[in-house]
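Below: the structure, in structure tokens.
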């Protein structure tokens, strides 16, 4: 019997799963400091245009890794709770699109 048939099969990969582009708050802060992003309004299109992310895939998810001090308004598909808190502490707002949250 061939080896691939003898080994156990594990896990399941959902065929219609969503793949998100992930970006950390520390990188967003770095691009704001370099002048590549305007902190007044950051959305998915401006993140792609600045070169921070190559493509949006099914949306962009923001994670809280790194320091964030800019007062920025960020609008993305998804965000971790820690990222929302970090942006709020800096005096900004992080909004998550409702269409993706309903799915």
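The values are calculated or read from the model by the stated rules, or taken from the named source; none is laboratory data. Keep in mind that what you see is a predicted model, and the values were worked out from it rather than measured. For neighbour counting, all protein chains shown are included, and Cβ atoms are generated from backbone atoms with ideal geometry for every residue, glycine included.
Taking every residue in region 69-94 that is farther than 18 Å from residue 44 by Cα and pairing it with any residue that is assigned to a strand (DSSP E or B), at least 6 positions away or on another chain, the pairs with Cβ-Cβ distances below 8 Å are 82/63; 88/94. Tell me yes or no: at least one residue of region 36-49 is part of a strand (DSSP E or B) and touching a strand residue (DSSP E or B) at 6+ places or on another chain (Cβ under 8 Å). So far as region 36-49 goes, yes, one or more of its residues are part of a strand (DSSP E or B) and touching a strand residue (DSSP E or B) at 6+ places or on another chain (Cβ under 8 Å). Residue count for region 11-55 under the criterion of being more than 21 Å from residue 86 (Cα to Cα) and touching a residue at least 24 places away in the same chain (Cβ under 8 Å): the result is 4. Evaluate the following for residue 65: is it within 17 Å of the chain's Cα centre (by Cα), buried (at least 16 other Cβ atoms within 10 Å of the Cβ) and either touching a residue at least 60 places away in the same chain (Cβ under 8 Å) or not in a helix (DSSP H, G or I) (or both)? Here the answer is yes, as residue 65 does meet what is asked. If you filter region 82-103 down to residues that are within 12 Å of the chain's Cα centre (by Cα) and assigned to a helix (DSSP H, G or I), you find that the one that is surrounded by the fewest Cβ atoms within 10 Å (Cβ to Cβ) is 84. Evaluation of residue 31 against the conditions (1) touching a helix residue (DSSP H, G or I) at 6+ places or on another chain (Cβ under 8 Å); (2) surrounded by fewer than 17 Cβ atoms within 10 Å (Cβ to Cβ); (3) part of a helix (DSSP H, G or I) shows that the sole unmet condition is (2). Against the criterion of being exposed (fewer than 15 other Cβ atoms within 10 Å of the Cβ), at pLDDT 90 or above and either part of a helix (DSSP H, G or I) or touching a strand residue (DSSP E or B) at 6+ places or on another chain (Cβ under 7 Å) (or both), residue 21 does not qualify.
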